[in-house]
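What follows is a set of notes on a single structure, which appears directly below.
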Amino acid sequence: MSAIRLLVLGAVRQHGRAHGYQVRNDLEFWGAHEWSNAKPGSIYHALKQMAKEGLLLAHEVAPSTAGGPPRVEYEITGRGTEEYLALLRQALTSYDQKADVLSAGLGFIVDLPRDEAVALLKERTEGLRRWRAEVTGYYTPQGGPGQLGHIGEIMNRWVHSADSEAAWTHGLIARIEAGAYTFAGEGEPFVGVLAEGQANPYATGPRPEDPRRSAR
């Protein structure tokens, strides 16, 4: 699973309609350019590709004042919403994905009902438990991990990572069950998006003077 599709679909959905510059700005505001492949080129490519797939609807709006092509705004479709929710659920339950997938899922976890979010996270901990039991039962030799020499440190790292992930997930479940955050159906959730024209303190690289000039 690619985190970029979930990130882009979720960012567009939060705005209702958004152009590429807004999506890029939001994801950089979340630091996604540091922990995922949410780089400018990947973001714009994902927007165009998912528009071709019918997951996003592209709207050409006001022409550029600089004489270039009109700005394109994207809106999530019904199929796009289905894809987004499927990716979100997969991100929260999968224990064998890259860290950016779980991070993307956490960014949108409040789009789900509280009970469902808890159930998905519990499914994740159960997957971690099964995986740990399987690999330790199969790879731990009778003489202990030292029998594998330094290669045993590979498995040691994976087991410690699984234990750490499980402990963190149990903590998150406890916080959610105790009432943390506002989930779907409970009121207005926290939405970490920047308003039109709001400066992004975490932006990197050169920025266009006017985002409306972008055809993406």
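Taking the range 98-108 as the range and being touching a residue at least 24 places away in the same chain (Cβ under 8 Å) and crowded, with 17+ Cβ neighbours inside 10 Å as the test, the residues that pass are D100, V101, S103, A104, G105, G107, F108. Restricting the range 136-152 to residues that are part of a helix (DSSP H, G or I) and surrounded by fewer than 12 Cβ atoms within 10 Å (Cβ to Cβ) leaves a set whose member that is modelled with the highest pLDDT is H150. Looking only at the range 161-178, which residues are of a type in the set (A, V, I, L, M) and over 18 Å from V110 (Cα atoms)? Matches in the range 161-178: A162, A166, A167. Picking from residues in the range 5-54 that are under 21 Å from L106 (Cα atoms) and aromatic (F, W, Y), the one that is surrounded by the fewest Cβ atoms within 10 Å (Cβ to Cβ) is W35. Considering R132, R157, R114, the condition of being at pLDDT 90 or above and either more than 20 Å from the chain's Cα centre (by Cα) or not aromatic (F, W, Y) (or both) is satisfied by R114 alone. Condition (residue is part of a loop (DSSP other than H, G, I, E, B) and among the aromatic types (F, W, Y)) applied to the range 98-114: is it met by at least one residue? Checking the range 98-114: at least one residue is part of a loop (DSSP other than H, G, I, E, B) and among the aromatic types (F, W, Y).
L47 satisfies every condition listed in (1) assigned to a loop (DSSP other than H, G, I, E, B); (2) farther than 30 Å from E126 by Cβ except (1). When L57 is tested against (1) surrounded by 14 or more Cβ atoms within 10 Å (Cβ to Cβ); (2) modelled with pLDDT under 95, exactly one condition is not met: (2).
The values are calculated or read from the model by the stated rules, or taken from the named source; none is laboratory data. Worth saying up front: this structure is predicted, and the values here are computed from it rather than measured. Cβ atoms come from the backbone with ideal geometry, glycine included; neighbour counts cover every protein chain shown.
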